[in-house]
Amino acid sequence: MTLHIPFDNSFARLEGPLFARLNPSPAEAPTLIAFNHALASDLGITGSEDDATLARLFSGHTLPKGAEPIAQVYAGHQFGGFSPQLGDGRAHLLGEVATPQGRFDIQLKGSGPTPFSRRGDGRAWLGPVIREYLVSEAMHALGIPTSRALAAVRTGEEIIRDRPLPGAVLTRVASSHIRVGSFQYFAARDDIDSLRTLFDHTRARHAPDAETPADLLRATIAKQAKLVTQWMSVGFIHGVMNTDNCTLSGETIDYGPCAFMDAYDPRRVYSSIDRQGRYAYAAQADIIVWNMAQLASALIPLMPDEAAAIETFQAMIEDMPELLRREWLTRFSAKIGIAAPRETDAALIGRLLEMMHKGGSDFTNTFAALTDGTALDQIADRDAYDLWHADWRTRLAEEDAPEATMAAANPRVIPRNHQIEAAIQSATGGDDAPFHRLHAALAHPYETSADNEWLKRAPAPDEEVAATFCGT
């Protein structure tokens, strides 16, 4: 039975300069690395194909029936500097599917140049494709809003970066690819008609109860506050929180130099070019406020009274740090077994994090050990831990089911950066077995099993990955 994708391409029907229409560049000799059958089923994709046909369909070699490929345009602040035109420089949005859970984009990444490529080749090499497939699916398993990976395909071509590397294409699924930068692009050009078109589409798709730009901003702030504190609760560092990587859907997107921390360090960065720590672990809460301020600025032209809009939007942005603080307190209180947090619990959490930082404790393993009652083994300062433990047990005596609360908040395994790098190296040499083993081990992160026990081990000093490349 032929594979059928039930495309219903609402974004491609919009009027105005929101995108360019063009087909992907066909891959020379595509071969399938992975296809996410469970996700395909959720998307209403029916039928089946052999691996060779799937590779052609999800590499740009052959277009699925009903696809209307486009490359979206957007702007963005990149490390604080505004770029007035970015856009999909190596991606083609094939179209959307409508499901009972909502609309989802199906996009190829690494599928060739577009009008927005800025002299790039439009291709991706295998490493970022492997990384995004593994980390995005791990985030989904952790219960954190994210884009998903539907397929990964080798193109059969070599691409040139610092050296020749194998090319690949990722098929990404997201609730949409509408970004803060999408609104910035039209606001910067004073193109109010296109800005209004984008607003109306976004409101219908992501905030159906919103009637005004203020309502959309409020809804987006709430989603992003939840998302970023969820990242922080599992030790995740996005790496490049540019406004063009920040979605109106509230999903994690664009997994570049991302990583999960091993040893806890609030100043930790993984991007090879983030030398000032703009997107460090602890800075993510501040940056999302800054990003939402940029969205607010882009929405002001849609408001009937600019002065009143500025006052309203400024109040929303000024309230956001408190919203983030409350979200953070809720999530980190759960990590130490407290389901109904109090303001005083922030100090208890802070003391534990300080001990972890000073002693270089592994973030994931320490909280998992706390769940098991063995956290003392993770803390270097035993005396400080004994004092903290006594205060913690006193506080837990007031909770109904602290063990269950911790078990639901503390993953046992994460996609360790050194294991991802090892999978990339093996795949670069033609061996995909480590990729598949790692993908399977990350499917149930809150449980320990024979299949994932090996992932609990933190990297040895010679295995640590200090930084990942910010690029493709």
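The values are calculated or read from the model by the stated rules, or taken from the named source; none is laboratory data. As the structure is a prediction and not an experimental result, all values here were calculated from the model. Here the Cβ is made from the backbone with ideal geometry for all residues, glycine too, and neighbour counts use every protein chain on show. Just the protein is used for accessible areas: all its heavy atoms, side chains included, with ligands, DNA and RNA removed. Shrake-Rupley method; radii C 1.70, N 1.55, O 1.52, S 1.80 Å.
Identify, among ALA222, GLN284, HIS177, the residue whose Cα sits farthest towards the positive end of the charge dipole of the chain, taking +1 on the Cβ of Lys and Arg and -1 on the Cβ of Asp and Glu, with the dipole about the Cα centre. Final value for the positive-end residue is HIS177.
For the stretch 181-224, backbone nitrogen atoms closer than 17 Å to the point 7 Å from ASP305 Cα along Cα-to-C-beta are found at 212-215.
Across all Cα atoms of the stretch 342-472, the radius of gyration (one decimal) and Dmax (whole number) stand at 17.5, 55 Å. If the segment from GLU354 to LYS456 were pulled out straight at 0.36 nm per residue, it would be longer than the present Cα-Cα gap by 34.5 nm.
Solvent-accessible area of ASP162, all protein chains in place: 130 Å² (probe radius 1.4 Å, heavy atoms, ligands and nucleic acids excluded).
For SER426, the solvent-accessible surface with a 1.4 Å probe is about 40 Å², rounded to the nearest 10.
Using +1 on the beta carbon of Lys and Arg, -1 on that of Asp and Glu, and nothing else charged, what's the dipole of the chain about the Cα centre, debye to 20?
On the way: 43 positive and 61 negative charges, 157 e Å.
Using only the charged Cβ atoms, the result is roughly 760 debye.
Largest to smallest in accessible area, the residues ARG21, ARG278, ARG196, ARG267 fall in the order ARG267, ARG21, ARG196, ARG278 (1.4 Å probe, all protein chains included). Ranking PHE236, SER249, ALA259 by Cα position along the charge dipole of the stretch 217-270, where only Lys, Arg, Asp and Glu carry charges on their C-beta atoms, puts SER249 farthest toward the positive end. In percent, rounded to a whole number, the relative contact order of the stretch 15-128 is 26, using alpha-carbon pairs under 8 Å and six or more apart. The relative contact order of the chain, computed from alpha carbon pairs under 8 Å that lie at least 6 residues apart in sequence, is 14 percent. Please list, by residue number, everything in the stretch 218-248 whose backbone N is under 16 Å from a paramagnetic label point 7 Å out along Cα→Cβ of GLN78. Answer for the stretch 218-248: 239-246. Accessible surface calculations at 1.4 Å, restricted to protein heavy atoms, place the stretch 301-364 at 49 Å² per residue.
Just to verify a number: FRET efficiency for GLU28 and ARG119, C-beta to C-beta distance, R0 = 35 Å, to 0.05? Walk me through the intermediate numbers first.
Numbers: r = 22 Å, r/R0 = 0.62.
After rounding, the FRET efficiency stands at 0.95.
With every protein chain in place and a 1.4 angstrom probe, the accessible-area ranking of PHE19, PHE236, largest first, reads PHE19, PHE236. Between ALA282 and ALA433, the simple label model (points 7 Å from Cα in the Cβ direction) yields a spacing of 4.4 nm.
In this simple spin-label model, placing a label point 7 Å from the Cα along the Cα-to-Cβ direction at both ALA440 and GLU211 gives a separation of 5.5 nm.
Based on Cβ point charges of +1 for Lys and Arg and -1 for Asp and Glu, what charge dipole magnitude is obtained for the stretch 203-362 about its Cα centre, in debye rounded to the nearest 20?
On the way: 16 positive and 21 negative charges, 119 e Å.
My answer is approximately 560 debye.
Beyond 27 Å between alpha-carbons counts as too far, so tell me which of LYS109/LYS223; LYS226/LYS335; LYS65/LYS223; LYS223/LYS456; LYS109/LYS456 fall in that bin.
Long pairs (Cα-Cα over 27 Å): LYS65/LYS223; LYS223/LYS456; LYS109/LYS456.
Quote the charge dipole size of the stretch 331-388 about the Cα centre in Debye, to the nearest 20; the model charges only the Cβ of Lys and Arg (+1) and of Asp and Glu (-1).
Values: 6 positive and 9 negative charges, 42 e Å.
Computed about the Cα centre, the dipole is about 200 debye.
Look at the dipole of the stretch 88-229 built from charges on Cβ: of PRO213, SER194, ILE144, the Cα furthest out on the positive end belongs to ILE144. In the context of the full set of protein chains, the stretch 9-149 has a per residue accessible area of 37 Å² (1.4 Å probe).
Place a point 7 Å from Cα of ASP319 in the direction of its Cβ. Which residues in the stretch 224-255 have their backbone N less than 18 Å from it? Under 18 Å, as judged by backbone N against the label point of ASP319, lie 224-227 of the stretch 224-255.
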